[in-house]
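For reference, the structure is listed below as structure tokens.
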Amino acid sequence: MDRQINSVEMEQRKGRRLVLFPLPLQGHINPMFDLANILHSRGFSITIIHTTFNSPNPSNYPHFTFRIISEDLPENNRCTKDLIAFVSMLNAICGLPFRDCLADLLSDTSEEPIACLISDAILYFTQDVANELKVPRMVLRTGAASSFCVFSSFPLLREKGYLPIQDSQLEEPIVELPPLRVKDLPVIHTNDPEDLYNVVVGMVEQSKASNGMIWNTFEELEGTSLATLHQKLGVPFFPIGPFHKCFAVTSSTTSSSLLTHDQSCISWLDKQDPKSVIYVSFGSLASISETQFLEIAWGLANSNQPFLWVVRPGLVHGSNWVEPLPNGFLETLGGKGHIVKWAPQQQVLAHPSVGGFWTHNGWNSTLESICEGVPMVCMPCFTDQKVNARYVSEVWGIGLQLEKGLERGEIEKTIKRLMVDKDGENIRERMLNLKEKSNLCLSESGSSKQALDSLVYHILSLESLTFHTH
Ligand SMILES: O=c1ccn([C@@H]2O[C@H](COP(=O)(O)OP(=O)(O)O[C@H]3O[C@H](CO)[C@@H](O)[C@H](O)[C@H]3O)[C@@H](O)[C@H]2O)c(=O)[nH]1
């Protein structure tokens, strides 16, 4: 762009439409809808394209318009079985229906003109569609910049022999990416490891080909990783997070939830002592064995701390819900434990009774914990969670990682270290410091607020570029 867009011009251009396309998984839907709300509040109209699988409820968003694509996903290829096979499949089968839907929107003169497409980094096929239809594409990356740095190093990691991971090397440091060890690399079990490599490379390369990346993170947290990555990818970056804090926590900001929030947690928390409760949740995708489930249950019980535990239906292999627990397990604890299927997590973390979060370190959970100043027990399961957990425990010093597997004695010890010991006090202090930074970055002169202003200008400049080339 060879000219400045002034604020008057920007004002006139309000009413431009943005087309957003989320990856249909809870941890990706939430930030995409938060972003939609943020950009809507800045004057853009919003159209959400979504799949039939995990489709959102449009009635929760009367201010957006919705278009559905029929992606025809085979019943046996749902995400629970093999996440990477699922993601590869989505990238393979969504191309045509997505293209038709976007072309239709672009030719619709009854709506405002489309300024750009914003799609999830993992839906990398959308870059080719955007190129073909000559619409700018911006990428939303729902994970951290630090883990994306590692993804962008996959070719190097393979060349140096770190990938595929050898069990004998798990504890070895990765000298090129301190303080990561081989066991912190963001991998996941999949039927064909080559699929994982291809998905990661597709995601990184097509982000590089985009018109810019929007990050749910902030400079003060991930400045170093953002700078390294920015240099490597060479596209404009907009770290405008934490998204969910741009709006007050109300039911309307959590209505992108695919499961119903059990509000009984809040009245139960109201009865507990300040900072006494450990909140336990492993997000929307992770699963554990029955043995691990029982070790967690006994570790929690033996820690003697009150606990609020989200046991999502499907969390425990081979069980519908909490059947493996011994009869009367909760009753014998005299009200010290409360189990729900799905919690209003942001409200829970903001509750004064919550003093710790035992998490799988999905990026949303990690960020939500930081924003409420709640120190973490880290139990990463797969992909970026492993990198996030390492950063939480070793770089930011705001949590303790369960390093020795899931064993009740170890769990009890770690919870006590975090919730009652001196160690925990130091961690809590660092966490409060970071919480403050997460608030400041959204203030008028804060880094995320400024990045958001730049993003709005950038989107408008993209539009003027496409108009020039037409
Ligand atoms: O009882 C619950 C548990 C979770 N949540 C919400 O669900 C989201 C979960 O997201 P996240 O913590 O990121 O976990 P996953 O669902 O596992 O997220 C996927 O997407 C993330 C973002 O890309 C990645 O970091 C993870 O590795 C990936 O598994 C968060 O917003 C939570 O607030 C609830 O509302 N209620």
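The values are calculated or read from the model by the stated rules, or taken from the named source; none is laboratory data. None of these values were measured; they are calculated from a predicted model. Backbone-built Cβ (ideal geometry, glycine too); neighbour counts: all protein chains shown. Remember, those area values only see protein heavy atoms, side chains included, never the ligands or the DNA or RNA. Shrake-Rupley method; radii C 1.70, N 1.55, O 1.52, S 1.80 Å.
The table below lists the values:
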| read-out | value |
| --- | --- |
| The one condition in (1) in contact with a Phe, Trp or Tyr (Cβ under 6 Å, 6 or more places away or on another chain); (2) within 16 Å of the ligand (Cβ to nearest atom); (3) not aliphatic (A, V, I, L, M) that PRO324 fails to fulfil | (2) |
| Filtered residues of segment 205-257 (kept if aliphatic (A, V, I, L, M) and at pLDDT 95 or above) | ALA209, MET213, ILE214, LEU221, LEU226, ALA227, LEU229, LEU233, VAL235, ILE240 |
| Residue within segment 301-309 that is within 11 Å of the ligand (Cβ to nearest atom) and within 23 Å of GLN26 (Cα to Cα) present | yes |
| Verdict on ARG430 being in a helix (DSSP H, G or I), in contact with a strand residue (DSSP E or B) (Cβ under 7 Å, 6 or more places away or on another chain) and open to solvent by 80 Å² or more (accessible area, probe 1.4 Å) | no |
| Conditions (1) assigned to a loop (DSSP other than H, G, I, E, B); (2) in contact with a strand residue (DSSP E or B) (Cβ under 7 Å, 6 or more places away or on another chain); (3) touching a residue at least 40 places away in the same chain (Cβ under 8 Å): number failed by ILE214 | (1) |
| Options PHE218, PHE238, PHE243: the member that is within 23 Å of SER443 (Cα to Cα), open to solvent by less than 50 Å² (accessible area, probe 1.4 Å), in contact with a helix residue (DSSP H, G or I) (Cβ under 7 Å, 6 or more places away or on another chain) and within 13 Å of the ligand (Cβ to nearest atom) | PHE243 |
| Qualifying residue in segment 29-52 (condition: surrounded by fewer than 18 Cβ atoms within 10 Å (Cβ to Cβ) and among the aromatic types (Phe, Trp, Tyr)) | no |
| Those residues of segment 353-362 which are within 10 Å of the ligand (Cβ to nearest atom) and part of a loop (DSSP other than H, G, I, E, B), in sequence order | HIS360, ASN361, GLY362 |
| Cβ-Cβ under 6 Å pairs, at least 6 apart or on other chains, segment 357-381 side hydroxyl-bearing (Ser, Thr, Tyr), far side more than 11 Å from the ligand (Cβ to nearest atom) | THR359/MET376; SER369/MET376 |
| Residue list for segment 407-416, restricted to those being open to solvent by 40 Å² or more (accessible area, probe 1.4 Å) and under 28 Å from ILE174 (Cα atoms) | GLU407 |
| Residue identified as of a type in the set (Gly, Ala, Ser), modelled with pLDDT of 95 or more, in a helix (DSSP H, G or I) and surrounded by 19 or more Cβ atoms within 10 Å (Cβ to Cβ) among SER168, SER119, SER147 | SER147 |
| Only listed residue being more than 30 Å from PHE237 (Cα to Cα) and hydrophobic (A, V, I, L, M, F, W, C), chosen from VAL420, VAL456 | VAL420 |
| Number of the exception - MET419 against (1) touching a residue at least 60 places away in the same chain (Cβ under 8 Å); (2) open to solvent by less than 30 Å² (accessible area, probe 1.4 Å); (3) within 16 Å of the ligand (Cβ to nearest atom) | (3) |
| Only one of SER369, SER393, SER365 that is open to solvent by 20 Å² or more (accessible area, probe 1.4 Å) and not in a loop (DSSP other than H, G, I, E, B) | SER393 |
| Residue satisfying all of: in segment 53-78; of a type outside the set (D, E, K, R) and touching an Asp or Glu at 6+ places or on another chain (Cβ under 9 Å); least open to solvent (accessible area, probe 1.4 Å) among these | ILE69 |
| Options TRP298, TRP342: the member that is closer than 25 Å to GLN385 by Cβ, of a type in the set (Phe, Trp, Tyr), in contact (Cβ under 8 Å) with a residue 40 or more places away in the chain and more than 14 Å from the ligand (Cβ to nearest atom) | TRP298 |
| One residue from GLY314, GLY283 being out of contact with any Cys (no Cβ under 7 Å at 6 or more places or on another chain), within 30 Å of LEU455 (Cβ to Cβ), part of a loop (DSSP other than H, G, I, E, B) and not assigned by the TED database to the domain that holds SER41 | GLY283 |
| Conditions (1) of a type outside the set (A, V, I, L, M); (2) open to solvent by 20 Å² or more (accessible area, probe 1.4 Å); (3) modelled with pLDDT of 95 or more; (4) in a helix (DSSP H, G or I); number of the one not met by GLU9 | (3) |
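Rundown of residues vs (1) farther than 26 Å from THR366 by Cβ; (2) surrounded by 15 or more Cβ atoms within 10 Å (Cβ to Cβ), yes/no style:
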| residue | (1), (2) |
| --- | --- |
| TRP268 | no, yes |
| LEU285 | no, yes |
| THR291 | yes, no |
| GLU295 | no, yes |
| LEU308 | no, yes |
| HIS317 | no, no |
| LYS341 | no, yes |
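Let's see how each residue does on (1) more than 20 Å from the chain's Cα centre (by Cα); (2) part of a helix (DSSP H, G or I); (3) buried (at least 21 other Cβ atoms within 10 Å of the Cβ):
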{"residue": "VAL139", "(1), (2), (3)": "no, no, yes"}
{"residue": "LEU163", "(1), (2), (3)": "yes, no, no"}
{"residue": "VAL175", "(1), (2), (3)": "yes, no, no"}
{"residue": "PRO186", "(1), (2), (3)": "no, no, yes"}
{"residue": "HIS189", "(1), (2), (3)": "no, no, no"}
{"residue": "GLU194", "(1), (2), (3)": "yes, yes, no"}
{"residue": "VAL201", "(1), (2), (3)": "no, yes, no"}
